Amino acid sequence: MSPVPPLPHARFRTQPPLPVGPRLARGWRVTRFEAAGAEVRLGRGSRAVDRLLRDAGVRHGAFVSAWNPCSRRVPRWRNDAALARLCALAKRRGIAHHHGAGRAERPAWCEEHLLLLGDWRRAVALAHRFGQHAVVLVRRQDRARLRVLR
């Protein structure tokens with residue numbers, strides 16, 4: 001069994017062996033998660049994210065993507081269609097949200113997502129439905145945390 005790479009502020013729901021290799025772990029660590037002009041990185045707080053949550057009248061939120069299920073690259077059109085389904089499902093369930101993206105510089109990449117506002121458990125359920133490995137949980141006046149699901 002290979003050791004799990006260190007991920008600051010991460011919680012795992014699965015038992016070893018975990019499907020998180022060093023490249024994926026590094027990708028999460030170096031990514032800036034952004035929505036509606038607010039930005040946060042794992043292990044850090046963000047006054048702008050706090051403002052978004054406060055303005056929505058909630059204490060929690062989660063960055064959730066529908067792109068590249070199980071961390072396998074798929075064509076852009078398929079990713080866009082999946083994100084549109086996630087957005088429509090969030091609207092049907094009455095979950096307030098903002099469109100956003102996760103961006104890293106080295107290696108350069110971008111993945112679109114939604115910042116779902118409110119109960120993080122609803123966000124986790126949607127992430128499972130769309131085959132995601134993890135979500136980034138945010139809470140007012142707290143650091144962003146990674147919740148690994150698979």
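Just so you know, all these numbers are worked out from the coordinates, no wet-lab data involved. Keep in mind that what you see is a predicted model, and the values were worked out from it rather than measured. FYI the Cβ positions are ideal-geometry reconstructions off the backbone, even for glycines, and counts take in every protein chain you see.
A few comments on the model shown:
- Since only Ala62, Leu86, Val124 are under comparison, the one whose Cα sits farthest along the positive direction of the charge dipole of the range 25-148, derived from C-beta charges on Lys, Arg, Asp and Glu, is Val124.
- Residue order, fewest to most beta carbons within 10 Å, for Val74, Val40, Val136: Val74, Val40, Val136
- Dipole size of the range 25-148 about its Cα centre, with +1 on Lys/Arg Cβ and -1 on Asp/Glu Cβ: approximately 320 debye, rounded to the nearest 20.
- Geometric extent, Cα atoms of the range 25-148 - Rg, Dmax (angstrom): 13.2, 37
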